[in-house]
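Q: Here it is, the structure, as structure tokens.
Each value in this text was obtained by applying a stated rule to the coordinates, not by laboratory testing. In this text the structure is predicted, and so the values were computed from the model without any measurement. Ideal geometry is used to build each Cβ from the backbone, glycine not excepted, and the neighbour counts take in all protein chains shown.
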Amino acid sequence: MAESKFQSESLAKEKAIIVRKLSRKERLDLKQSMIPEVSRKISRREKMPDESSELQEIKKSIESIKYYVANKVVRSFGPAEYTKLILIDENILYSGLHGYISKLSILTGELLENIYFGIPIIDFVYYKNFLAISTFTEFKVFLIPSYEQVYTEELQISCISSELYVAIATGEIFIFTEQGKLPFIDLQTHIISLNSTQNSLIALTESLVIINKNTREIQVNTSNYKYNCVSVNEDFIVAGYSEGVDILNIYDLSLKHKYKCKHPCLSVYIGPHSDFILSGFKDNTIKLFELSGNQNEITLRGHTNHITHCAYSDTKSHLVSISKDNMLKIWSFPTFPEETIVRTTSKVVKVFLTDTFVIYTQANKITSIYIDGITQDIITTKGVGFSLEATPELIFIGDDMGYVYLIDLKSFNLIIEIQAHKGAVKDMAMCNEGLITGGLDSDIHIWSLGNLENFSKDKLEKKSLKGHKQGVIQIFIAGDYLFSASIDQTVRVWSLVDYQEIGVFNTNVTSITVGNGLITGDHEGFVKMWNTYDLCIESTIKAHNRTITSITLQHNLVLSASLDGIICVISYQNRQVMGKLHFKEPILCMSSTEKTIAAGFNDMMTVRNNPLFDDRISILGPPDLMQNFFTYVNDLCLKKFPEHNFSMDQFIILPYYYNCLHFYTYLNLPEYLSSSLDSYSPIVCNKFSPLSFAMQTEMISLQMIICKYILQTGIENRYAFRLLEDSITTLNSKGFPILYEIYEAAYSNVTRNYLPKACSNEIQLPIIKLSRRPRIQIEDFIQTSDLETSQAVFFKECYLGINMNFGSLKSIEFLESLIECPTSAVLKANFIQDFVKHKWEVAKYPMIIQAFMYFFYMIALNVYIEWFNKNVYFLGVLFFINIFLLLYEIFQMMVFKSYFTSIWNYLDWLRGILLFLYAIFEYSMAINEEYSKYSDSILALLTITSWVRGISYFRIFDRLRYFIRLLQDSIKNVLGFLYLLSYLIIAFSIFNLILDQNRSSKIAYVLKTYELALGSLEPEENIDIIQYICLTLASILLCIMVLNIMISLIGDSFAKVKADCIAADTQELLEMIMEVENMLFTKRSLNSIMYLQSASNNAPDERDSVEDRIGFLEKCMNQVQLKQFKEYKESSEIFDRKTRRIGLIGNRIDRLFKIFKL
């Protein structure tokens, strides 16, 4: 022993052992410092004055997700040849062939201690004040904390247990204590691992051996499996083998639970008093099991070679693993879904879910109820229960023998048993009349239950609905209508008022539900959405690869369950798959509410919280790829720019409903976004879509990418245009050229069987309607009596919803965005044209009344000037009319945000002020007659201002609207010219003033120069040469060049307005409509999405204007010319090739001729 101490001292000097330790306070400070910077930003964030509330909400949600992902992401260390790891508190102790034993903080990832021994370490154990290590050929013990070597011996150690029980390769086990090495037992066989509990020592050899520490009695497990690894606590032994993991009771080695896996288990771990089992497998995965078996296992992927060791912290905050890929990884402890697994003795046939309990039937004919964590059997039926229904007092069960059982919900006593059908009762539903049942005998029965207190079979009344040719498999009640699905591949609609069939859907169906329309699932995995008006398919979505077993609708989300083990989440609004809930077994049946989802499988039923409506952050996607997703998103947020991975786009982050496309947009990654959209990754939208992100952050390139994608997908799925509803106003303001194509694609012609091709001449076409549904219903346009073949009729419908309620805030914002739109082509879109026409039909009457009132004022003003000039009383009438008009202007100014952008409003105020001044001067003349010279001038200005203001009301008339726009644009274009003209007139006036010796008044020179600009070229007498030069220069600049520029400007304005006459006309109408809508301030809150529909006699390919027709012909001619050019080029190339071949043939003939000649 003395020799060992001497050797340890020399070893400590020679190897220069480095020990670095932190105090408890330093570790706590370090733990606090690990909180990411983003979390502090969340808590201290103040709203920036230039950021909208939507952008603030987006940033807050992104920062929350960043923090969540940063805590979930895997941290990797290495590469190094790791051999063993131990978790103590929140620290990792690990060894390796590099000769170090290191201590690593789980929380911060910082190296706290690094001890170098200079020898490859295979195994090590800390026990009390000893550190025992083994190498390939040596066993050493050190005293801690000084790390003084107290024992060394050349031994081939197999393994070391936590209490320093040491197994030698020969099978001998000894224990090391303060007295040294003491023999314990010899098993005379190779020992793979040793685990120690308070009373037992568990040795893994070819079998599992339990040794009593006190009596040294041996108990051998006689399992048929050869275990590879073992972990123990005081209650259980966890053993891994080639087909999974066994949980054994440590007292009698009885099997508590078995987890079957496809790959061999190489490492297991169970913590003290823990409910979780961690295992590492040969397929490079780590699985976490819940000991009670009430949770499905969670699989972690990240290593590239098989797992050698794994463990989790006592606080269950992190997992740690080492692998043959020479990497050590720290994982966040996975969160199990709030799910309960109810084990069953046979397969689950049907589940019925309420907010308080779950009823389910099994193939063994037992019906059970799960309530408050307790399962209780209700009844054993004569046949297998295929259908369930419940009320607050009763449970209804239908079996495959045709019986319906009524059971009291409180006592579970059978009230009555009814032979309802000759075949199996496949489904049931409750209505106001009673219970509706559908059976395989193809009948539907409506049972009037009456008073249940005095219930008897004699009082039962039933009504039958017949129409199906084969068995009814599902029924669904929606209001006064009953939908029934059958094996005969039809879904029939029945009225519950008169019990008559009113419609038939022909489709292969396995499950149905009803929202705004019928939703069906079939054997091929397709979810189909039908329109109940015309009984036609609206959308078809490939959601699954196998038969759909159940389908439900929650708010705006469709949930479809299938035998492929997936619950698919589909947006009913946008008609696309948003995400998927993955299960490991085929789903036989499913029921859902806003709070809970219940699913039935072959040997169990699961009840879990519905994550779709939970406020907590959760991830929806394949569990096996979850860690990859965390790493991918974290790398994106840290701007490490990982390689684009399409599989990551299928994950959804709840409750925000974000996917990777949101991050690509937020982080301005156009290449990633384009790649994802090219592969048709879903644009997930709940409150904020990726387009909303792009609009809020003003990333124009990303906006264009998303808009182009929506335009492309909208051709096949027109419901995709609904993604634009929240952003269309902003897009209008920016004037994207692609908007014209979007409006044209969203508002297109439709031909359906129920839409007529012609109607009576008495119907005035076009007819434009607003509807709360996108699809046309013929009754909104044409009555049955008008279906004649007198004039052709064509229908259009739009799937882009707009807030069109007259006077609503959203409607005004949409109008304002169109007025501000810098791209005139957008205003030419058929959707905008019909939208404006519909609005104008309502707005023109208030405008006519307003025009009538103004022209009444004009008549009164001119009557006053002509017949009642200087009449104080008539002037008083004008004064009060002016007050009324100005009050109207004040009202407009209060409700109209863009009031001061219109020149007509400035003229209104100028007219009103001039009338006030005129009235003041007129009444002041009684005091001083000198004011009369001012009053006439003011009256003249008032008159001309009033007349000019009256021009705006000519916009009401279609034929004059164009000229008003021409006048406005001409004035705008001439303003610059007037500045230049005024500058030159003043310049030449000053020049003449200097040279003139007579010194006339200054204004006279200005007027003379102005007359010169208008063409008056009469020179004065006695002018010198300099004045001649000035006159010539002024004539050239003012009379010729400047006036010609003005004419050109007016001509350009005319040409521009003429070319955009449709846009100009629409612009004027929009301004008048907006003026009227601003007056309706009481309707600001009436915001609801409406869809535009129309019926007209214009053929789909008919052009709206001559310019459009010319443009279309030019396009066709260009295509023909391009085709001819390509043909000419191809023919030229063919001619050249043939010419070269002929030349080669000629050369060969010449050579042959020369050869024969010789």
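Q: Got a sec to turn the phi values of segment 131-136 into Karplus ³J(HN,Hα) couplings, 6.51 cos²θ - 1.76 cosθ + 1.60 with θ = phi - 60°, whole Hz, x for Gly and Pro?
A: 10, 10, 10, 10, 10, 5
Q: Taking neighbour Cβ counts within 10 Å as the exposure measure, how do D786, D399 sort from fewest upward?
A: Working: D786 16, D399 23.
The most exposed by this proxy come first: D786, D399.
Q: Please list, ordered by chain and number, the residues whose modelled amide H lies under 5 Å from the amide H of A420; skip anything fewer than 5 residues away on the same chain.
A: Y403, V404
Q: What FRET efficiency would be calculated for the residue pair Y481, F613, taking the C-beta separation as r and a Förster radius of 30 Å, to the nearest 0.05? Intermediate values should be presented prior to the final figure.
A: Details: r = 27 Å, r/R0 = 0.90.
Working from the Cβ atoms, E equals 0.65.
Q: Could you work out how much longer the chain between K469 and F646 gets when fully extended? Use 0.36 nm per residue separation minus the Cα distance between them, nm to one decimal.
A: Values: separation 177, 0.36 × 177 = 63.72 nm, distance 4.65 nm.
Length gained, K469 through F646: 59.1 nm.
Q: Rounded to the nearest 0.05, what FRET efficiency is calculated for L967 and I502 with R0 set to 60 Å and r the Cβ-Cβ distance? Walk me through the intermediate numbers first.
A: Values: r = 59 Å, r/R0 = 0.98.
Using R0 = 60 Å, I get an efficiency of 0.50.
Q: When only C-alpha pairs under 8 Å and at least 6 residues apart count, what is the relative contact order of segment 381-506, in percent?
A: Details: 319 pairs, mean separation 18.3, N = 126.
Normalised by residue count, the contact order of segment 381-506 is 15 percent.
Q: Take the residue pairs K796/K1083; K262/K584; K365/K410; K769/K796; K542/K595 and return only those whose Cα atoms are more than 18 Å apart. The partial results should precede the final answer.
A: Numbers: K796/K1083 28 Å; K262/K584 13 Å; K365/K410 21 Å; K769/K796 10 Å; K542/K595 27 Å.
Where the Cα-Cα span goes over 18 Å, the pairs concerned are K796/K1083; K365/K410; K542/K595.
Q: Taking the Cβ of each residue in Y664, Y116 as the centre, tally the other Cβ atoms inside 10 Å and list the residues starting with the fewest. Let's see the in-between values first.
A: Values: Y664 27, Y116 15.
Arranged by neighbour count, lowest to highest, Y664, Y116 become Y116, Y664.
Q: Set the bar at 23 Å for Cα to Cα. Now go through K103/K226; K103/K316; K708/K897; K140/K324; K66/K287; K258/K282 and name every pair that lies beyond it.
A: Working: K103/K226 34 Å; K103/K316 19 Å; K708/K897 32 Å; K140/K324 25 Å; K66/K287 25 Å; K258/K282 18 Å.
From the list (K103/K226; K103/K316; K708/K897; K140/K324; K66/K287; K258/K282), the Cα-Cα distance tops 23 Å for K103/K226; K708/K897; K140/K324; K66/K287.
Q: Give a residue-ordered list of calculated ³J(HN,Hα) values for segment 850-866 (Karplus: 6.51 cos²θ - 1.76 cosθ + 1.60, θ = phi - 60°; whole Hz; x for Gly, Pro).
A: 4, 5, 4, 5, 5, 6, 4, 4, 4, 5, 4, 5, 6, 4, 4, 5, 7
Q: Report the trypsin sites (Lys or Arg not before Pro) located in segment 189-235 that are in a DSSP loop and have at most 14 other Cβ atoms inside 10 Å of their Cβ, or state none. Write down the numbers at each step before the final one.
A: Values: sites: K213, R216, K226; in loops: K213, R216, K226.
Here the trypsin sites (Lys or Arg not before Pro) that fit, given the DSSP loop and packing criteria, are R216, K226.
Q: Given a Förster distance of 60 Å, report the FRET efficiency between E779 and Y923 from their Cβ-Cβ distance, rounded to the nearest 0.05. Write down the numbers at each step before the final one.
A: Working: r = 64 Å, r/R0 = 1.07.
After rounding, the FRET efficiency stands at 0.40.
Q: For F276, list long-range residues whose amide hydrogen, built 1.01 Å from N in the peptide plane, is under 5 Å from its own amide hydrogen.
A: Amide H neighbours of F276: G271, L291.
Q: Fewest to most neighbouring Cβ within 10 Å: what's the order for E172, E524? Provide the component values of the computation, followed by the final result.
A: Numbers: E172 17, E524 13.
Fewest to most other Cβ atoms nearby, the residues stand as E524, E172.
Q: What list of ³J(HN,Hα) values in whole Hz, one per residue of segment 762-774 in order, does the Karplus curve 6.51 cos²θ - 1.76 cosθ + 1.60 (θ = phi - 60°) give from phi, with Gly and Pro shown as x?
A: Residue by residue, segment 762-774 yields 6, 7, 7, 9, x, 10, 10, 10, 10, 9, 7, 10, x Hz.
Q: Amide H neighbours of S193 under 5 Å, counting only residues 5+ apart in sequence or on other chains, H built in-plane at 1.01 Å?
A: Amide H to amide H, under 5 Å and 5 or more residues apart or across chains, S193 pairs with L204.
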